1. Filter the stretch A:35-58 down to residues that are free of Cβ contacts under 8 Å to residues at least 60 places away in the same chain, over 16 Å from residue B:62 (Cβ atoms), touching a helix residue (DSSP H, G or I) at 6+ places or on another chain (Cβ under 8 Å) and within 10 Å of chain B (Cβ to nearest Cβ), then give me how many there are.
2. Taking the stated definitions as given, is residue B:84 under 54 Å from the mean Cα position of the chain (by Cα) and at pLDDT 90 or above?
3. Which one is nearest to the chain's Cα centre (by Cα), of the residues in the stretch B:3-20 that are more than 13 Å from residue A:174 (Cβ to Cβ) and facing chain A (nearest Cβ under 7 Å)?
4. In the stretch A:131-156, which residues are over 19 Å from residue B:13 (Cα atoms) and surrounded by fewer than 20 Cβ atoms within 10 Å (Cβ to Cβ)?
5. Looking at the stretch B:10-33, can you tell me whether even one residue there is surrounded by 19 or more Cβ atoms within 10 Å (Cβ to Cβ) and outside any helix (DSSP H, G or I)?
6. Among the residues of the stretch B:34-54, write down those that are in contact with a helix residue (DSSP H, G or I) (Cβ under 6 Å, 6 or more places away or on another chain), under 17 Å from residue A:139 (Cα atoms) and either outside any helix (DSSP H, G or I) or in contact (Cβ under 8 Å) with a residue 40 or more places away in the chain (or both).
7. In the stretch A:3-28, what residues are under 23 Å from residue B:69 (Cβ atoms), more than 11 Å from chain B (Cβ to nearest Cβ) and in contact (Cβ under 8 Å) with a residue 24 or more places away in the chain?
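The values are calculated or read from the model by the stated rules, or taken from the named source; none is laboratory data. Note that the structure is predicted; figures quoted are calculated from it, not measured. Methodologically, a virtual Cβ is constructed for each residue, glycine included, from the backbone with ideal geometry; neighbour enumeration extends over all protein chains shown.
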């Protein structure tokens with residue numbers, strides 16, 4: 001006897017539709033699917049580790065409030081990253097131009113805390129510092145590519161540019177990061 | 001496409017564990033310092049933040065939906081408040097207009113809802129000119145300050161059925177709500193608990209009877 005086939009998990013579009021009809025579980029499932037990737041994107045974009053959860057919550061708040069604006073032309077994750085990028089820009093402006101990634105705010109390894117799970121390797125920390133110095137579009141293209149594996153078509157649709165321009169931004173980002181991280 | 005470009009395009013997939021390097025690619029990586037530097041960079045960037053504590057989805061979703069609920073209530077109250085203020089402004093304008101009409105008619109009538117005005121002070125008829133030799137001194141006319149008696153036919157009414165139908169508690173709530181400054185209502189200034197929410201809902205319930 002073969003086990004009954006497991007139904008395919010609902011798509012993000014189906015969950016969004018269910019949430020619009022008042023299904024709280026659909027909202028929870030969407031958060032479960034995307035929260036960790038979103039947190040990593042925020043952290044990689046310069047947010048302090050201690051702010052990541054609040055920023056992720058704010059991103060989901062903006063996303064659910066404007067869910068009608070998500071047409072499905074890009075994946076929900078790319079759309080969430082775009083919202084998160086706008087949120088970080090707003091936070092940056094609110095801080096009157098101060099960099100969000102402060103040198104004293106780095107999550108460097110604490111030698112007195114061997115179990116600290118936020119300890120980042122030196123290489124990762126240098127990459128993160130380098131990312132914080134990139135222009136926003138270069139940084140977002142790079143992160144969508146290396147953290148999500150998104151193709152240039154999808155990146156272009158998410159960020160409102162062309163696939164060719166997205167490819168150029170990616171290669172500029174790689175070149176600059178190589179210089180900054182060297 | 002050069003081998004370097006091909007490798008560069010595949011790096012994200014390999015870094016995310018969705019693909020593996022072929023033997024040829026591994027040989028190229030070992031020999032090409034530029035590709036090796038890029039691979040180190042991409043591998044490090046793809047793992048950034050992997051050690052962050054996981055977000056609790058239930059808690060986050062509950063907080064987000066609660067914030068959205070608060071915002072909807074506030075938005076509803078704001079709309080209702082603007083509508084009410086617009087209505088009151090309209091009533092005030094109508095009252096000014098009615099007073100102007102009332103004054104234009106010579107002021108004969110009653111103030112709306114008020115007691116009848118006092119009986120007029122008799123105004124003496126204009127006395128005949130006083131002769132003073134060849135010149136005539138005309139008396140200065142007395143100002144007619146006193147108004148005539150109230151005539152029921154000329155009374156001006158200001159019906160306010162939408163307010164009359166409200167109970168006293170609702171009127172009190174409405175007045176309290178109107179006394180609050182509008183500017184303090186922001187989308188993110190949530191109260192620490194839901195007591196503010198209950199108060200807002202009471203105001204809404206009061207307005208809606």
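1. Matching residues across the stretch A:35-58 total 5.
2. Numbers: under 54 Å from the mean Cα position of the chain (by Cα): yes; at pLDDT 90 or above: no.
Judged against the criteria, residue B:84 is not a match.
3. The first filter runs over the stretch B:3-20 and keeps only residues more than 13 Å from residue A:174 (Cβ to Cβ), leaving B:3, B:6, B:10, B:13-14, B:16-20.
Subset that is facing chain A (nearest Cβ under 7 Å): B:13, B:16, B:18.
Numbers: B:13: 50, B:16: 48, B:18: 51 Å.
If we take residues in the stretch B:3-20 being more than 13 Å from residue A:174 (Cβ to Cβ) and facing chain A (nearest Cβ under 7 Å), then B:16 is nearest to the chain's Cα centre (by Cα).
4. A:132, A:133, A:135, A:136, A:137, listed by residue number.
5. There is no residue in the stretch B:10-33 that is surrounded by 19 or more Cβ atoms within 10 Å (Cβ to Cβ) and outside any helix (DSSP H, G or I).
6. Listed by number, the residues that qualify are B:48, B:49.
7. Residues satisfying the conditions are A:12, A:16, A:20.
This table checks each residue for (1) closer than 29 Å to residue A:33 by Cβ; (2) in a helix (DSSP H, G or I); (3) at pLDDT below 95.
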| residue | (1), (2), (3) |
| --- | --- |
| A:101 | yes, no, yes |
| A:114 | no, no, yes |
| A:161 | yes, no, yes |
| A:168 | no, yes, no |
